[in-house]
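One structure is given here, and the rest of the page talks about it.
Every read-out reported here was derived from the displayed coordinates using simple, explicitly stated rules and does not represent laboratory data. Everything numeric here is computed off the predicted structure, so don't read it as measured data. Please note: Cβ atoms are built from the backbone with ideal geometry, for glycine as well, and neighbour counts cover all protein chains shown.
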Amino acid sequence: MEFMESWMNAEIESRERSKRSRLLKAAGFPADKELGGYDWTPIRFPVDYGRGQITTLD
């Protein structure tokens, strides 16, 4: 009986992962982007705020 419960839990988790993946793909969110190659030169920050706060999301 324990084997059956374990197998069913694994099946449920697998279906939930598949559903989440399918829904995220269908939502059409834009691709993840990183700030590594971003050109910061045209940006003017307020005196008490800067690039560090943006890159660390503080």
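For segment 42-47, putting each phi into the Karplus relation 6.51 cos²θ - 1.76 cosθ + 1.60 with θ = phi - 60° gives couplings of x, 8, 10, 9, x, 4 Hz, in residue order, rounded to whole numbers and with x for Gly and Pro. Semi-axes of the equivalent ellipsoid of the chain are 45, 15, 8 Å, computed as sqrt(5λ) over the eigenvalues of the C-alpha gyration tensor in descending order. Sparse packing (at most 10 other Cβ atoms within 10 Å of the Cβ) combined with a DSSP loop state is found for the following chymotrypsin sites (Phe, Trp or Tyr not before Pro) in the chain: Tyr49.
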